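This report concerns only the one structure given below.
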Amino acid sequence: MDEDYENLLDRARSNVPQDAFEKSGERFQVPDVQAIIQGNRTIWQNFQEVLTVLNRPGKEVLKYVSGQLATAGNIEGGGAVFQGKFNAELIEDVLNGYIAAYVTCPVCGRPDTHMEKQGNAYYLKCTACGASTSIRPV
Ligand SMILES: [Zn+2]
């Protein structure tokens with residue numbers, strides 16, 4: 001790591017108020033998962049609302065969450081529908097795993113990231129600190 005990069009990181013960090021590093025910081029308020037069980041299906045009602053905050057494509061989040069729940073899922077209207085009965089707390093746990101792996105910058109801890117594909121590799125690019133972190137695709 002060269003010195004300019006270190007300086008850039010230091011500057012980026014010192015410009016950020018401490019509480020912005022916390023997940024509950026006002027810039028990153030992920031709404032509580034609202035889910036209801038209907039018959040043998042679970043409907044995550046505010047899926048679209050969560051996606052908007054995460055700034056991630058629905059298909060990808062759906063793939064991750066349904067993979068973790070080991071069930072099939074699809075998007076219906078603004079919600080996500082999973083086969084099986086899952087409570088909101090469990091979905092929220094899975095969602096937090098997604099956020100930790102694919103949204104939060106591992107260098108500065110902020111959520112100002114987007115994903116980029118370069119060849120066959122995926123990178124999490126942070127607009128707050130400039131870090132580029134190699135990640136596994138969902
Ligand atoms: Zn960062």
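Each reported figure results from applying straightforward, stated rules to the coordinates on display, with no laboratory input. Owing to the predicted nature of the structure, the values given are computational and were not obtained by experimental measurement. Cβ: placed from backbone, ideal geometry, glycine included. Neighbour counts: every protein chain shown.
Label-point separation (nm) for Glu89 and Thr52, each offset 7 Å from Cα along Cα-to-Cβ?
Label-label distance for Glu89 and Thr52, simple model: 2.8 nm.
For Ile75 and Ile36 in one chain, what is 0.36 nm times their gap in residues minus the Cα-Cα distance, to one decimal in nm?
Contour length minus the Cα-Cα distance gives 12.6 nm.
State the extension gain, in nm to one decimal, for the chain segment bounded by Arg136 and Tyr122, taking 0.36 nm per residue of separation less the distance between their alpha-carbons.
Stretched fully, the Arg136-Tyr122 segment lengthens by 4.4 nm.
Just the projected area, averaged over all directions, of the convex hull on the alpha carbon atoms of the stretch 27-103: how many nm²?
With every direction weighted equally, the projected area is 4.4 nm².
Fully extended, how many nm does the chain gain between Ile43 and Gln29 (0.36 nm per residue separation, minus their Cα-Cα distance)?
Working it through step by step, the gained length comes to 2.9 nm.
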